Amino acid sequence: MYIDGEWLPSSSDEWVDVHDPSTGKVIDKVPSAADDDVGKAVDAAKDAFDRGIWSKITPGDRANALLRIASMLEQNIGHFAELETLNTGKSIRQSTTYDMPYSVDNIRYIAGAARILNGDAMAEYVPEGTSGIRREPIGVVGVITPWNYPLMMAVWRAFPALATGNTIVVKPASYTPLTTIELGKLVEKAEVPKGVFNIVTGPGGRVGEQLARHKDVGMIAFTGSTEIGRRLGELGANTVKKISLELGGKAPFIVLEDADLDAATEGAVVGGIINNGQDCANSTRYYIHDSKLEEFQTLLVEKLKKVRVGDPSNMETDMGPLVSQSQQKRVKKYVDEGIEQGGHLLFGGKIPQVPGHENGYFLEPTAIYTENHDSSIVQEEIFGPVFTVLKTSDLDDAIKKSNEGIYGLGASVWTKDVTRAMRAVRDLRFGTVWVNDHIPVPSEMPWAGYKQSGHGASLSRYSLEECTYIKHVYFDLTGAVRKSWHHQIYGKK
């Protein structure tokens, strides 16, 4: 663990095994933080904040430190990509060409945007004084990241907090801590002051909850499941923490009768199995106009047959394993339930045997047609390469069904009709709506949820605002002893 500029084991000398999902083998061990370790990390972050060694330097100086980290990450993309693939099971192609370069771009955007935060112009809103706005750091931010995009989520959650002058304690997911630890080494090389960036590893039920309860942690930035998000909200309420939550999703994928079905099915495959299907925005509910249902299913299956499931370290592999054996069992259970609840298996659903990786946590990409809109595979977040095909009669029906669920993170609509596309954009209750695509989120745009997908933003300038307090500053312009409004106390004296 990285605490106050030092690399330390757990004070309890307990360790957590880290596995390669493609083989099931243990590849490393990381410390399992004791309560004392978490306390030390928070104390170090609070001391660094109170001393102003980070919060009171210029935004430009903070940005330059972050840019140094981005450059070092860019120079070591190969190493980080290999480690991310080894630890998560995602394809090396995705790690190399998307996750790592995108994370570099994220850092560079955040560093630049933080140099000038948006604010109101100073003005006279009462006759005798001028008012203005300051945005100031919150203090210590506890960052709790998920296992599906370990490095990227550390960047999305920690770097806006760093850029705006906060100090942080990062708790990576126990399954996938390795690239976060490597990121800590870059932070150290970039000469970020001791105590500003800290890493503690171990079970979320203990380490994450302690961060959420700690009186000196002013904010929790969490990406993960809705269930854990609710728990963190409960724990943080005791100290009235700011809680920024990016939670679960169940993205609808609406295909209207005028859509380009070749493009839509291409988007459906990529949107459904990106990151081995372990993405909170992956397309999971395909609402297809009934006049195009048969053709869509035929094209979808044809394209799914071309997906290469196998060794994630092979650049030719399209999809690797799920992150853990428990996740594999959980997703396979949803497949079985979906069929039991009236679904018809269109493709996949089996655990494949990958030569040399027989104990890996693989599952075929799976498509199920169902007319049971209340089934678990339609309503619940599966978080795997499993998606449902449903028919819809028109746009209004598709929007109504899309909005019925508890989640509101991402959605897409496929049509050549700009009027209907704009109506869908307006009426879909999701934080991101794509038209004729599914997944892209540039660094400049926010990633935020509606409903039980959370609140608060990652990426964009809004993520920077998320990590600050707003302070109203007032200047008297009169120099008078008695102001006009003092008559409320003094009357005419």
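Just so you know, all these numbers are worked out from the coordinates, no wet-lab data involved. These numbers come from a predicted model, not from an experiment. As a convention, Cβ positions derive from the backbone with ideal geometry for all residues, glycine included, and neighbour counts pool all protein chains shown.
Suppose the filter is farther than 29 Å from A367 by Cβ, loosely packed, with under 13 Cβ neighbours inside 10 Å, free of Cβ contacts under 8 Å to residues at least 12 places away in the same chain and not β-branched (V, I, T); does H472 pass it? No: the conditions fail for H472. For the stretch 186-200, the set of residues classified as assigned to a loop (DSSP other than H, G, I, E, B) and either surrounded by fewer than 19 Cβ atoms within 10 Å (Cβ to Cβ) or hydroxyl-bearing (S, T, Y) (or both) consists of A190, E191, P193, K194, listed by residue number.
Do we have any residue at all in the stretch 284-295 that's closer than 21 Å to Y2 by Cβ and touching a strand residue (DSSP E or B) at 6+ places or on another chain (Cβ under 6 Å)? Quick ask: steps written out before the conclusion?
Going residue by residue through the stretch 284-295, those that are closer than 21 Å to Y2 by Cβ are none.
No, that holds for no residue.
Please verify whether the stretch 95-110 includes one or more residues that are among the hydrophobic types (A, V, I, L, M, F, W, C), touching a helix residue (DSSP H, G or I) at 6+ places or on another chain (Cβ under 8 Å) and over 28 Å from G233 (Cα atoms). Yes, the stretch 95-110 contains a residue that is among the hydrophobic types (A, V, I, L, M, F, W, C), touching a helix residue (DSSP H, G or I) at 6+ places or on another chain (Cβ under 8 Å) and over 28 Å from G233 (Cα atoms). Only one entry in I274, I254 is β-branched (V, I, T), more than 21 Å from the chain's Cα centre (by Cα) and more than 21 Å from T167 (Cα to Cα), namely I254. Among the residues of the stretch 177-184, not a single one is part of a loop (DSSP other than H, G, I, E, B) and acidic (D, E). What are the residues in the stretch 287-315 that are without any contact (Cβ under 8 Å) to a residue 60 or more places away in the chain and either closer than 18 Å to S91 by Cα or not in a helix (DSSP H, G or I) (or both), if any? If the condition is that a residue be without any contact (Cβ under 8 Å) to a residue 60 or more places away in the chain and either closer than 18 Å to S91 by Cα or not in a helix (DSSP H, G or I) (or both), then S291, K292, K305, K306, V307, R308, V309, G310 are the ones that fit.
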